[in-house]
Amino acid sequence: MEEKKGIFVFKKQPPLNQPYAFLKEMGPELGFETEPEKLRANHKALSLAGLVLITELDSETPFHKFLEGQPCRINIDKLERKKYVLSGSVEAFREVYLEHKEQKVAKALLLFLCQHFPELFEDLWPKHGLVPPVGISLRGLSEEELAGFDLSIRLRHVYLLSSFNLSPAEAIELFALDARPQIWHKTDESVKGFLFEPLLQYMALITRGLNEEHPLREYVRPLLDTLKKLYPEPFALIPEA
């Protein structure tokens with residue numbers, strides 16, 4: 001029987017700030033090895049779960065320098081003076097450290113990640129260690145804190161894992177968004193993979209896809225119905241075209 005085409009909310013969502021437990025559980029089903037050394041080298045798998053962190057600083061200066069490097073693979077919002085929320089996939093956090101490892105904030109980030117998520121980050125630890133940066137603290141965000149944020153913040157830091165099965169021509173449309181679809185299997189007839197993106201990206205996908213001429217229109221309508229049940233705010237606000 002031919003597999004159904006479309007974009008679907010994945011049956012299990014990564015628990016907040018528990019990426020290794022989720023990947024270890026999903027590995028046998030999705031066909032990837034979960035031994036830490038091999039998992040850390042699997043960029044696709046590391047893109048299926050993520051982290052939402054809070055950083056508090058004694059001074060704004062080091063964070064401004066960090067932002068000057070344009071760490072665009074993670075989402076960053078200022079909550080108040082000297083306090084920021086950062087989120088992204090495990091793979092995104094690894095990339096951001098590697099690109100900005102001379103920055104004070106990046107060093108503090110790696111120290112936190114290696115202490116709390118060693119299975120996913122300890123290979124990045126410098127051979128000669130690093131001096132813990134002073135005046136920068138990080139911690140994982142709780143579900144209650146995340147739910148208490150304004151909608152504009154939640155849209156950027158609440159993530160959803162979905163799977164897709166599309167034709168090659170349809171799959172191209174996913175790359176038109178500011179998203180990073182992970183292709184797991186490709187043939188001449190179908191492209192299968194995953195999206196792990198904040199809700200804001202799904203709103204963009206659905207809003208564009210509801211256009212009468214859009215190639216994904218038939219798929220985003222049922223996706224919208226599902227998301228309205230899971231996240232009535234904001235998806236219930238999207239009118240069906």
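Brief remarks follow.
- Qualifying positions in the range 68-91 - touching a strand residue (DSSP E or B) at 6+ places or on another chain (Cβ under 7 Å) and under 22 Å from F121 (Cα atoms): R73, I74, N75, I76, Y84, V85, L86, S87, G88, S89, V90
- Any hit, the range 58-77, residues being surrounded by fewer than 19 Cβ atoms within 10 Å (Cβ to Cβ), over 14 Å from the mean Cα position of the chain (by Cα), under 23 Å from D178 (Cβ atoms) and at pLDDT 95 or above: yes
- Only listed residue being assigned to a loop (DSSP other than H, G, I, E, B) and over 21 Å from the mean Cα position of the chain (by Cα), chosen from E170, E212, E218: E212
- Among residues of the range 132-148, those that are in a helix (DSSP H, G or I) and loosely packed, with under 13 Cβ neighbours inside 10 Å, counted: 3
- Residues within the range 182-220 that are closer than 21 Å to S87 by Cβ and among the hydrophobic types (A, V, I, L, M, F, W, C), tallied: 9
- Residue in the range 182-198 that is at pLDDT 95 or above, closer than 16 Å to L51 by Cα, touching a helix residue (DSSP H, G or I) at 6+ places or on another chain (Cβ under 9 Å) and among the acidic types (D, E) present: yes
- Test result for F196, free of Cβ contacts under 8 Å to residues at least 12 places away in the same chain, under 18 Å from the mean Cα position of the chain (by Cα) and either under 25 Å from I153 (Cβ atoms) or surrounded by fewer than 17 Cβ atoms within 10 Å (Cβ to Cβ) (or both): no
- For the range 84-129, filtering for residues that are over 26 Å from F194 (Cα atoms) and exposed (fewer than 14 other Cβ atoms within 10 Å of the Cβ) leaves 6.
- Taking each residue of the range 129-147 that is farther than 19 Å from N17 by Cβ and looking for partners that are loosely packed, with under 10 Cβ neighbours inside 10 Å and modelled with pLDDT under 95 with beta-carbon atoms closer than 6 Å, six or more apart or interchain, yields nothing.
- Each residue in the range 190-209 was checked for being of a type in the set (G, A, S) and assigned to a strand (DSSP E or B), and 1 pass.
- Residue match in the range 1-24 (condition: over 20 Å from E95 (Cα atoms), small (G, A, S) and in contact (Cβ under 8 Å) with a residue 40 or more places away in the chain): yes
- Test for L48: is it out of contact with any helix residue (DSSP H, G or I) (no Cβ under 7 Å at 6 or more places or on another chain), crowded, with 17+ Cβ neighbours inside 10 Å and under 17 Å from S87 (Cα atoms): no
- Residue match in the range 159-178 (condition: surrounded by fewer than 13 Cβ atoms within 10 Å (Cβ to Cβ) and either at pLDDT 95 or above or polar (S, T, N, Q) (or both)): no
- One residue stands out among those in the range 203-241 that are in contact with a strand residue (DSSP E or B) (Cβ under 6 Å, 6 or more places away or on another chain) and hydroxyl-bearing (S, T, Y): the one that is surrounded by the most Cβ atoms within 10 Å (Cβ to Cβ), which is Y219.
- Test: residue in the range 175-184 that is assigned to a helix (DSSP H, G or I) and either outside the structural domain of R208 (by TED's automatic domain parsing) or not hydroxyl-bearing (S, T, Y) (or both): yes
- Filter result (in a loop (DSSP other than H, G, I, E, B) and within 22 Å of the chain's Cα centre (by Cα)) within the range 221-241: Y231
The values are calculated or read from the model by the stated rules, or taken from the named source; none is laboratory data. Note that the coordinates shown come from a computational prediction; the quantities given were computed from them, not determined experimentally. Every residue, glycine as well, gets a Cβ built from its backbone with ideal geometry; the counts of neighbours run over all protein chains shown.
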